[in-house]
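In what follows, a structure is listed as C-alpha cells, so that the remarks can point back to it.
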Amino acid sequence: MLDSKVLRSDPAAVAANLGRRGFVLDLAAFAALEERRKHWQVAADRLRAERNANAKAVGMAKGKGEDASVLLRRGEELTGELARCETGLDVVQAEVEQWLLNLPNTLHESVPEGRDEAANVELRRWGTPRRFDFPPLDHVDLGAKLGGLDFEAASRLSGARFAVLRSGVARLHRALAQFMLDLHTREHGYAECYVPYLVSASALTGTGQLPKFEQDLFALRGDKPLYLIPTAEVSLTNLVREQILAPESLPMRLAAHTPCFRSEAGAAGKDTRGFIRQHQFDKVELVHVVRPEDSYAALEQLTAHAEEVLKRLGIPYRVLALCAGDIGFGSAKTYDLEAWLPGQGAYREISSCSNCEAFQARRMQARWRNPATGKPEPVHTLNGSGVAVGRALVAVLENYQEADGSVSVPEALRPYMGGLERLSPVG
C-alpha cells in the first residue's frame, strides 16, 4: 500500500511514477474521496472539541450548584452528532483504503523504462550453453524416455497443467528442493520454516495478491474462506504482520519449501506443453525483512543467493532488470533469473527477486521501532525464488541429457540421490 501522506502531499509525483508502469492514477477520484474525508474529519473534530468544552461547563455548573440540565441535553445531542460524523468518517476511510489497495507500488528510480518484457535490461550472464553433438530433446520427451514424467495420468486425476513424477525423476525433484534448502540455511543464513499452505484473505491482502489477483488463486469453499498459497512468500512475509519488531531482530531471513498453487488465469494459452507452467508446483522461497536503509543491499544479496543455486548446478543463466511496464504489482524493483533450456533454445525465468520496500508492510501493519526516532515505522520486505524446483528440474534434465536419452546427475545433487550418477531410460 502506498503512503497516504505522500499521496496527499504530492499526488502529481505519485501519478507520474505510476505512469511509468502504464498505470493511470485517477487523481479526480482521489480528490473527491479526500474532499469527503476532510468534510467528516473537520466536522468530527469540531463536535469533539465542542463536546469537551460542554463537559467542562457541566462540571463547572455542578461545582457552583447551578442547574446543568440544558448543558447535559446539549452534551447528549453532541454525542449523537459526533457518532454520526464518526460513522461517516469510517465509511469514507474504508473507501480510501479500498482504493489504495488497488494501487501498485511506486518504482525505484533505477528501474529501466519500458512497456513490456522486450525492454527488460540484461545485466549479466553466467556459464556457456552446452554445444550438443545430437539434437537435444526437451524435458517432456526426456521425461517420457526416463519413465518419470507423466502428464496423461495427471490429466486423469486433475485435468490440464498437472504432472505425475515417478522414480528417478521424482527423486531428482526432491533432491533439488533439499539441496536448495541446505544451501540457503547452512551457507546463506536463512531460518527454515514450515508454514501453512492455506491462508486467509487478510494474509493475501497483506502481500498484495488480493484484491487485484483473486482470479489467479484457488479458493476453498466454507464458512471462512481460505486460499491455497500461490507462493510461500505469503505465509513467510505475514509472519511479521501486526508486529512491532525490535531493531536487533533485523535483518530477518526466512526460507521455506512449499507447493504453490496458481490458476494461471492470466496466462491462458502460455506454456501449455510440459512442466514450465503448472497449477501446482514446488518452490523454495526466500524472504528478507530489513531496515529500510538496508533493503537495496539486501536485494543484491537475495539475488546472489538465488544465482548460487544455478552456479552449483552448472546451469547457464542470465540476470535481467525488469522494466517499468513488466514489473510486478507490489515490487519497487525486480531482478529475474533466466536459466538456459536447450530443448527450447532459450533462456526462461526460474527466479524473480523483488524489493517491495514498505508496500507490503503498510498493508500488514508490520513495523520496527526505529531507535533514532523511538517510533514504530514500516519495515521493508523482499522476496525471491531460491529457486523454482520444477523449473530447475526442467533445466537439469535438458542441460545434462545424453544422446541415448539418459541424464547425468549434477555433482551437487549426488549426495541427495544416494550417489546415483545417471538416470537411465526405461524399456
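Below, the figures for the structure above:
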item	result
Calculated FRET value between Tyr194 and Met60, using beta carbons and R₀ = 60 Å, to 0.05	0.40
Cα long-axis angle, helix 69-101 against the chain (0 to 90 degrees, to the nearest 10)	20 degrees
Formal net charge of residues neighbouring Arg166 (Cβ-Cβ distance under 14 Å; K, R +1; D, E -1)	+1
Difference of contour (0.36 nm per residue) and Cα-Cα distance, Lys270 to Leu72	64.3 nm
Local net charge near Pro211, Cβ-Cβ under 14 Å (Lys/Arg +1, Asp/Glu -1)	-2
Per residue accessible area of region 338-427, 1.4 Å probe, in Å²	35 Å²
Too-long pairs where the Cα-Cα distance tops 22 Å, listed order kept, from Lys56/Lys375; Lys224/Lys283; Lys283/Lys311; Lys5/Lys38	Lys56/Lys375; Lys224/Lys283
Unit charges on C-beta of K, R, D, E only; dipole of region 70-220, Debye	820 debye
Share of carbon and sulfur in the accessible heavy-atom surface of region 291-350 [1.4 Å probe, %]	41 percent
Extension gain from Gln243 to Phe134, taking 0.36 nm per residue of separation minus the Cα-Cα distance	33.5 nm
Residue among Glu233, Glu285, Glu308 with the largest mean-square fluctuation in a Gaussian network model of the chain, springs linking Cα atoms under 10 Å	Glu308
Environment charge of Gly325, counting only residues whose C-beta is closer than 15 Å and scoring Lys/Arg +1, Asp/Glu -1	-1
Fraction of beta bridges assigned by DSSP in the chain that are antiparallel (%, nearest 5)	95 percent
Cβ-placed point charges (K, R +1; D, E -1), dipole of region 1-114 about Cα centre in debye, nearest 20	420 debye
Å² of accessible area per residue within region 31-123, as computed with a 1.4 Å probe and no ligands counted	63 Å²
Choice from Ser155, Ser263, Ser354 with maximal GNM fluctuation in the chain (Cα, 10 Å cutoff)	Ser155
Ranked packing of 397-408, 118-129, 169-180, 34-45, most packed first, by mean Cβ within 10 Å	169-180, 397-408, 34-45, 118-129
Positive-end residue, region 9-106 charge dipole about Cα centroid, Cβ charges, pick of Ala61, Leu71, Gly88	Ala61
Accessible surface, per residue, of region 167-307 when the full set of protein chains is kept, probe 1.4 Å, Å²	44 Å²
For the chain, built as a Gaussian network whose Cα springs stay under 10 Å, the top-fluctuating residue of Leu204, Leu382, Leu33	Leu33
Degrees, to the nearest 10: 295-313 long Cα axis against longest axis of the chain	20 degrees
Linear extension gain, Lys224 paired with Lys311, 0.36 nm per residue minus alpha-carbon span	26.9 nm
Cβ charges +1 (Lys, Arg) and -1 (Asp, Glu), total dipole of the chain, debye	620 debye
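The values are calculated or read from the model by the stated rules, or taken from the named source; none is laboratory data. Treat the numbers as computed from the prediction; the structure is a model and nothing was measured. FYI the Cβ positions are ideal-geometry reconstructions off the backbone, even for glycines, and counts take in every protein chain you see. Side chains are part of the model used for accessible areas, which takes the heavy atoms of the whole protein and leaves out ligands, DNA and RNA. Shrake-Rupley method; radii C 1.70, N 1.55, O 1.52, S 1.80 Å.
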